[in-house]
Amino acid sequence: MILTRKYDLDVVPGGLPLIIRASRNDSSSRLVFSLFAGEGTLSVPNGAAASFHGGDVDGAASLSFENGIPKVTVDLTREMTGSIGCFPFEIAVSSGGSVLVSPTIILTVR
């Protein structure tokens, strides 16, 4: 069974990092990030792609839209949660030649 956890993620630089807690070797959690910009909605063109980057772990993420709000989904893997500690990562949304990178997200594994 997959546990889905939902977060609102402000992509405007300068905010506090989002901290997500996970258990060691967790591979049954799905993280869903609703993206917004400041106090407004975020415009992401159709055909954009999402990915995540952090330390030694890079991977694919899926991008979808719900009521016009872009949502990025990342499934946790044992590779991401195999070691105890705090691991920074970012979500990137790319379209054409432009890339939007989220502020740092901290995955805390215990």
Read phi for every residue in the stretch 93-108 and hand back ³J(HN,Hα) as whole Hz from Karplus 6.51 cos²θ - 1.76 cosθ + 1.60, θ = phi - 60°, with x for Gly and Pro. 10, 10, 8, x, x, 9, 10, 9, 10, 6, x, 5, 10, 9, 8, 9
Could you compute the FRET efficiency for residue 37 and residue 78, with r as their C-beta to C-beta distance and R0 at 35 Å, rounded to 0.05? 0.60
Structure-derived Cα extents along the principal axes in Å: which label, when the choices are (i) 36, 31, 25; (ii) 48, 43, 21; (iii) 122, 41, 23: (i)
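Here, each number is a calculation from the coordinates, and none is a lab measurement. A quick note: this is a predicted structure, and the numbers were derived from the prediction, not measured. Here Cβ is always computed from backbone atoms with ideal geometry, including for glycine, and neighbour counts include all displayed protein chains.
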